[in-house]
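Written below as structure tokens is the structure these notes are about.
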There are 2 protein chains.
Amino acid sequence: MRLEVAVTPPYPVFIEKGSLERLASYVAETAVALISDEHVAALYAGRVQAGLEHSGKWVKLYVVATGEKSKSLDSFGSVLRQMVGDGFDRQGAVLALGGGIVGDLAGFVAASYMRGIAFYQCPTSLLAMVDASVGGKTGINLPEGKNLVGAFWQPRAVIIDPKTLDTLPPQEFRQGAVELYKHGLLADPEILARMEKRDFLKSAAAEVMTELISRSVAVKAKIVAADEREQGQRAFLNLGHSLAHALESYTEHTLSHGDAVAYGLLFAAKLAAQRGFADETKRLLRFLDWLQPAPLNLRSFELLKPYLSRDKKNQAGTQRWVLLESIGRPRLLSDIADDELKNAWQYLLEVTK
Amino acid sequence: MRLEVAVTPPYPVFIEKGSLERLASYVAETAVALISDEHVAALYAGRVQAGLEHSGKWVKLYVVATGEKSKSLDSFGSVLRQMVGDGFDRQGAVLALGGGIVGDLAGFVAASYMRGIAFYQCPTSLLAMVDASVGGKTGINLPEGKNLVGAFWQPRAVIIDPKTLDTLPPQEFRQGAVELYKHGLLADPEILARMEKRDFLKSAAAEVMTELISRSVAVKAKIVAADEREQGQRAFLNLGHSLAHALESYTEHTLSHGDAVAYGLLFAAKLAAQRGFADETKRLLRFLDWLQPAPLNLRSFELLKPYLSRDKKNQAGTQRWVLLESIGRPRLLSDIADDELKNAWQYLLEVTK
């Protein structure tokens with residue numbers, strides 16, 4: 001399966017079982033900086049490197065620690081310095097092998113090395129496959145907050161091998177499933193239908209996932225292509241994320257992103273229902289029931305409120321909310337009153353306690 | 001004087017006496033991160049900040065140490081973290097006030113802060129006015145080498161106040177004059193004619209300089225606009241720089257960039273003459289006589305040679321040289337033999353000893 005992301009310049013996303021073994025055929029450059037983390041490198045770096053070298057590529061492997069702490073200025077500087085030491089020039093390429101953290105770090109390395117070199121992404125987590133693989137966002141964290149430093153840097157190609165999901169822990173799979181579900185809500189009811197089948201997790205074999213990932217990538221690719229630099233409708237992808245970011249900040253990221261977004265999706269569904277839009281709260285409740293997110297350790301709306309207005313995507317102090325008029329019809333609203341938020345929060349507390 | 005640089009997106013360069021006092025009229029954004037170094041900040045930051053604030057802007061001043069050491073990952077991270085602490089969001093702007101070092105650092109900060117915010121440049125050195133103000137190059141150094149990390153990030157506007165040259169040390173003025181002269185060689189004999197007048201330095205009042213800077217910016221803007229990402233004819237700007245980079249590397253940057261380029265221009269003129277192109281060596285000798293570069297502390301061509309092939313702009317091992325067929329007619333050659341280089345080097349040693 002090959003999809004085209006129509007940004008500037010456009011690039012292909014390949015979703016193919018076993019593609020990890022054939023990476024050399026997707027990478028044009030001869031010199032490859034392969035960036036991975038300890039966990040993924042142990043599982044896949046050996047065969048990826050061997051495959052590339054077998055096809056005549058010159059490969060250097062850079063392994064960072066697993067986890068968010070590798071999205072730091074220190075890791076960024078360390079990888080760059082190693083690449084200089086190994087002699088990479090502007091004709092080299094960076095290949096990210098791993099989840100979203102590796103992709104974000106490696107992407108910013110590619111964007112910045114000698115002012116930008118070729119970048120390829122092999123996402124190995126479901127979240128990275130359906131989310132980070134499209135959009136061109138790269139970046140690292142500062143002690144003050146996440147993703148505060150980075151660049152928009154489009155990959156030359158994204159190569160997704162659904163077989164890597166076999167080694168993904170179930171908890172990580174569920175995290176990715178939240179964004180997949182979100183893309184269904186935004187634009188593709190077929191994704192919802194597949195995921196709402198009783199045996200979804202059991203039957204989530206590579207074939208099913210190839211289909212679902214392809215549909216999800218197509219949804220995001222269409223939205224991003226229409227709004228490359230995040231000026232307008234790309235904000236739709238923020239469905240569920242306004243509350244999620246507030247919950248993540250309040251809990252200092254002890255609540256996972258996927259869980260936070262799931263709560264955010266239910267919260268947005270309630271706001272929509274209150275406005276007289278289609279009521280999808282029951283559907284979201286069932287999804288949360290499947291997901292089993294970690295409990296909310298926050299009761300007070302007053303404590304949450306300050307975090308709601310700090311979102312980096314707010315424009316000049318205006319808080320914007322993405323709500324669904326119905327499945328597939330997102331809208332951007334900036335006139336949501338405090339009372340509406342408070343009511344929806346009350347609802348969320350009641351149904352999740 | 002207003003020039004347009006036709007890159008994507010295009011931006012204006014203003015060259016106007018007293019423009020530093022009227023900066024607010026060029027900056028659209030309300031929140032401004034003013035980045036400068038200790039030396040320039042002491043001279044100009046007070047009145048720049050006051051002028052911006054007087055027009056209702058919200059300004060925070062970030063002062064880095066004067067000198068190359070501020071083009072580091074540490075300074076980069078430090079400025080970014082301070083900006084987060086002060087609450088800058090994506091609607092803010094970065095304004096660089098200073099020479100090339102400040103511009104390179106501030107530009108990379110602007111390119112990376114929350115994946116890129118508006119950038120304005122007020123170059124206060126002649127070198128920054130005629131060179132760094134056009135091209136979109138930003139970046140910092142690694143311990144392994146200069147400008148190894150950065151981004152192409154175009155400013156929204158460049159505002160040049162030739163009056164700031166009044167406070168520029170004569171030695172710094174001469175450094176900038178080398179790139180000015182280079183632009184004359186590449187495309188504008190009128191620049192050469194003005195600079196070759198006996199009283200050039202004495203009469204280098206703001207009026208003369210406004211004219212010369214404008215002509216020089218126009219030369220570079222035209223070349224850069226035709227080749228934004230440095231794929232082709234932008235290499236012409238490298239006239240004199242292949243030898244210069246080698247000399248700088250060999251001397252570990254104790255030889256200044258301007259002096260190194262001046263030697264490089266004479267070297268390239270000799271290579272051109274050897275090829276049967278127009279012989280401009282006498283003209284370059286007079287220019288070096290005016291410039292009085294620091295002496296060359298390197299005699300052996302064999303010692304220099306390895307440094308000649310390490311230039312980051314070389315493509316896949318091929319060494320490319322910019323030579324002038326005649327004034328205004330640069331050519332790119334990749335078939336220069338070692339003997340030609342050796343002969344030109346012998347010549348350089350003889351005429352400069």
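Listing for the model above:
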quantity	calculated
Cβ-vector label at 7 Å, residue A:309, separations to other copies in nm	6.4
Crossing angle, helix B:170-187 versus chain B [Cα axis fit, 0-90 degrees, rounded to tens]	70
Proximal aspartates and glutamates relative to residue B:353, as straight alpha-carbon distance under 13 Å, when same-chain residues fewer than 8 apart are discounted	B:289
Helix A:281-291 vs. chain A, principal-axis angle (Cα, 0 to 90°, nearest 10)	40
Using θ = phi - 60° and Karplus 6.51 cos²θ - 1.76 cosθ + 1.60, couplings along region B:107-121 (whole Hz; Gly, Pro as x)	x, 6, 4, 4, 5, 9, 5, 6, 6, x, 10, 4, 9, 10, 10
Summed side-chain charge close to residue A:74 - residues other than residue A:74 whose Cβ falls under 14 Å, Lys, Arg +1, Asp, Glu -1	+2
Distance (nanometres) between label positions extended 7 Å along Cα→Cβ at residue A:199 and residue B:91	5.4
Helix B:206-225 axis, angle to chain B major axis (alpha carbon atoms, nearest 10°)	80
Taking A:16, A:252 and counting other C-beta atoms within 10 Å, the order from fewest to most	A:252, A:16
Global size of region B:186-284 as Cα Rg and Dmax, reported in angstrom	15.1, 40
For residues of A:69-81, the mean tally of beta carbons on other chains within 10 Å	3
Compactness of region A:28-76 as Cα Rg over 2.2 N^0.38 Å, two decimals	1.24
Assigned charges on the beta-carbon of Lys, Arg, Asp, Glu; the protein assembly as shown dipole about Cα centre (debye)	560
Directionally averaged shadow of the protein assembly as shown, computed from the convex hull of its alpha-carbon atoms, nm²	30.7
Extended-chain gain in nm, criterion 0.36 nm per residue less alpha-carbon gap, residue A:278 and residue A:329	17.3 nm
FRET efficiency, 1/(1 + (r/R0)^6) with R0 25 Å, evaluated for residue A:50 and residue A:207 via beta carbons	0.40
For region B:56-182: rounded, prolate or oblate by the Cα gyration tensor [a/c cutoff 1.5]	prolate
Copies compared at residue A:90 - label distances in nm, ascending, label defined 7 Å from Cα in the Cβ direction	2.9
Taking A:263, A:11, B:181 and counting other C-beta atoms within 10 Å, the order from fewest to most	A:11, A:263, B:181
B:39, B:183 arranged by Cβ crowding within 10 Å, fewest neighbours leading	B:39, B:183
Chain A: mean projected area of Cα convex hull, nm²	16.3
Relative packing of peptides B:150-156, A:288-294 - highest average C-beta neighbours within 10 Å first	B:150-156, A:288-294
Within 10 Å of each Cβ in A:132-139, the average number of Cβ atoms from other chains	1
For residue A:332, label point 7 Å along C-beta direction: distances to other copies, nm	4.0
With 5 Å bins from 0: P(r) over region A:171-352, alpha-carbon pairs, percent	1, 8, 17, 22, 21, 16, 9, 4, 1, 0
Descending semi-axes in whole angstrom, ellipsoid equivalent of region B:1-128, from the Cα gyration tensor	20, 17, 16
Over region A:264-313, volume per residue of the alpha carbon convex hull, in Å³	115
Lysine pairs in region A:171-352 with Cα atoms under 12 Å, if 8 or more residues apart or on separate chains	4
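Read the figures in this text as sums done on the coordinates, not as results from a lab. Owing to the predicted nature of the structure, the values given are computational and were not obtained by experimental measurement. Glycine also receives a Cβ, built like all others from the backbone with ideal geometry; neighbour counts cover every protein chain displayed.
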